[in-house]
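> Supplied in structure tokens, the structure appears directly below.
The values are calculated or read from the model by the stated rules, or taken from the named source; none is laboratory data. Since the structure is predicted, the reported quantities are computational estimates derived from the model, not experimental observations. Please note: Cβ atoms are built from the backbone with ideal geometry, for glycine as well, and neighbour counts cover all protein chains shown.
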Amino acid sequence: MTLPVAVFASGSGSNLQSLLDYTPRRPDAGYRIALVVSDRPEAGALERASAAGVPSRVIPVSGRDAGEVADDTLGALEGAGVSFVALAGYLRLVPVPVVAAFRRRIVNIHPALLPAFGGKGMYGIRVHEAVLRAGCRVTGPTIHYVDERYDEGTVIAQWPVPVLAGDGAPEVAKRVLAVEHLLYPRVLDHLCRAVAEGRDPEPFAPRGDTFVPAEPGARDVSAEIEAALGRRPTHRPEPREHGDP
Ligand code: GRF
């Protein structure tokens, strides 16, 4: 069974693209993207939705009554028959009534190992600058459930990515983003499959030594991610996830 999912995005939407690109190669995928929601009419994510033939809605947030935003959001989700939400670079708090209606049915991806380097204002390049300032040697994406606060819900999955000598924030950002694109679709598939079958998702247990540097010749750990999820890779070999290194 395939769960209809909404993706919320404020920005370029490269994670949305990785979620979109994952399902056509896997007829047994646990999710399909039924709706894209953005707070910004100029978000690149909306163009990606349109190119993929996925309906989208702009629901502005700035300067609006919170109750109206919540009503619009719930209406959009209901209208699209959506039962799960994936945030992918959505820079707004999800309205409290939406969190309440979709408890443990909304997930987010964050580009650092939460609970470190999260919270209000911690997005984009600032996250990686903070990681470097702290002298971390390991960083990586976190996928977590969404609650009423920024980046505080229970962690579902993380994947370690090295910080290498000489890295600046853009290098770290690029390396982490490459892993996000591998991790998010597979974890969403895993979660939606469990929800569709009426069971709790099993814990995700990454192996600690599986780094994915984005440098040329780096190995693709998608099979290792799938093994950690307890799932045998069933898809055809693919050239690349999408245009990212
Ligand atoms: C990603 O780094 C994600 O972790 C964070 O926002 C960024 C979104 O990038 N939540 P994109 O719009 O998917 O390219």
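> For the list (1) at pLDDT 95 or above; (2) away from the ligand (no atom under 16 Å from the Cβ); (3) closer than 18 Å to Thr142 by Cβ, I need the number of the one condition that Ile109 fails.
For Ile109, the failing item is (2).
> Between Leu91, Leu114, Leu74, Leu132, which is touching a strand residue (DSSP E or B) at 6+ places or on another chain (Cβ under 8 Å) and among the aliphatic types (A, V, I, L, M)?
Numbers: Leu91 fails: touching a strand residue (DSSP E or B) at 6+ places or on another chain (Cβ under 8 Å); Leu74 fails: touching a strand residue (DSSP E or B) at 6+ places or on another chain (Cβ under 8 Å); Leu132 fails: touching a strand residue (DSSP E or B) at 6+ places or on another chain (Cβ under 8 Å).
Checking each option against the conditions leaves just Leu114.
> Which of the residues that make up segment 106-146 are in contact with a helix residue (DSSP H, G or I) (Cβ under 6 Å, 6 or more places away or on another chain) and under 30 Å from Ala66 (Cα atoms)?
Matches in segment 106-146: Ile109, Pro111, Ala112, Phe117, Ile125, Pro141, Ile143.
> How many residues does segment 122-141 hold that are more than 10 Å from the ligand (Cβ to nearest atom) and not in a loop (DSSP other than H, G, I, E, B)?
Result for segment 122-141: 8.
> Can you confirm whether Ala100 is outside any loop (DSSP other than H, G, I, E, B) and either in contact with a His (Cβ under 9 Å, 6 or more places away or on another chain) or of a type outside the set (Asp, Glu) (or both)?
Values: outside any loop (DSSP other than H, G, I, E, B): yes; either in contact with a His (Cβ under 9 Å, 6 or more places away or on another chain) or of a type outside the set (Asp, Glu) (or both): yes.
Yes, satisfied.
> Please go through segment 120-143 and give me each residue that is more than 15 Å from Gly11 (Cβ to Cβ) and charged (D, E, K, R), ordered by number.
Passing the criteria: Lys120, Glu129, Arg133, Arg137.
> Ok, one more. How about segment 147-184: which of its residues are part of a loop (DSSP other than H, G, I, E, B), within 14 Å of the ligand (Cβ to nearest atom) and either touching a helix residue (DSSP H, G or I) at 6+ places or on another chain (Cβ under 6 Å) or at positive phi (or both)?
Asp151, Trp159 - these are the residues of segment 147-184 that are part of a loop (DSSP other than H, G, I, E, B), within 14 Å of the ligand (Cβ to nearest atom) and either touching a helix residue (DSSP H, G or I) at 6+ places or on another chain (Cβ under 6 Å) or at positive phi (or both).
> Okay, next question. Which pairs turn up if I take residues in segment 5-20 that are modelled with pLDDT under 95 and look for partners that are near the ligand (Cβ under 8 Å from one of its atoms) and part of a loop (DSSP other than H, G, I, E, B) with beta carbon separation below 9 Å, at least 6 apart in sequence or on another chain?
Matching pairs, first to second residue: none at all.
> Kindly indicate the residue of segment 3-22 that is surrounded by fewer than 20 Cβ atoms within 10 Å (Cβ to Cβ) and over 25 Å from Ser62 (Cβ atoms) and also farthest from the ligand (Cβ to nearest atom) among those meeting that condition.
First pass over segment 3-22, keeping only residues surrounded by fewer than 20 Cβ atoms within 10 Å (Cβ to Cβ): 4, 11-12, 21.
With the extra rule that they be over 25 Å from Ser62 (Cβ atoms), the set shrinks to 4, 21.
On the way: Pro4: 20, Asp21: 12 Å.
My answer is Pro4.
> Could you identify the single residue in Arg149, Arg105 that is more than 25 Å from Gly44 (Cβ to Cβ), crowded, with 18+ Cβ neighbours inside 10 Å and not β-branched (Val, Ile, Thr)?
Criteria check complete, one pass: Arg105.
> Cβ contacts < 7 Å: first residue more than 18 Å from Arg26 (Cβ to Cβ), restricted to segment 173-192; second residue β-branched (Val, Ile, Thr) and away from the ligand (no atom under 11 Å from the Cβ), any location; separation 6+ or different chain. Result?
Arg175/Val161; Val176/Thr139; Val176/Val161; Ala178/Val212; Val179/Val161; Val179/Val212
> Same structure again: So which of Leu177, Leu132 is more than 18 Å from the chain's Cα centre (by Cα) and surrounded by 15 or more Cβ atoms within 10 Å (Cβ to Cβ)? Give the derivation first.
On the way: Leu177 fails: more than 18 Å from the chain's Cα centre (by Cα).
Checking each option against the conditions leaves just Leu132.
> Quickly run through segment 23-44 and pick out the residues that are within 14 Å of the ligand (Cβ to nearest atom) and under 26 Å from Val195 (Cα atoms). Before the answer, list the steps.
So the first thing to find is which residues in segment 23-44 are within 14 Å of the ligand (Cβ to nearest atom), and the list is 33, 36-40, 42-44.
Hits for segment 23-44 are Ile33, Val36, Val37, Ser38.
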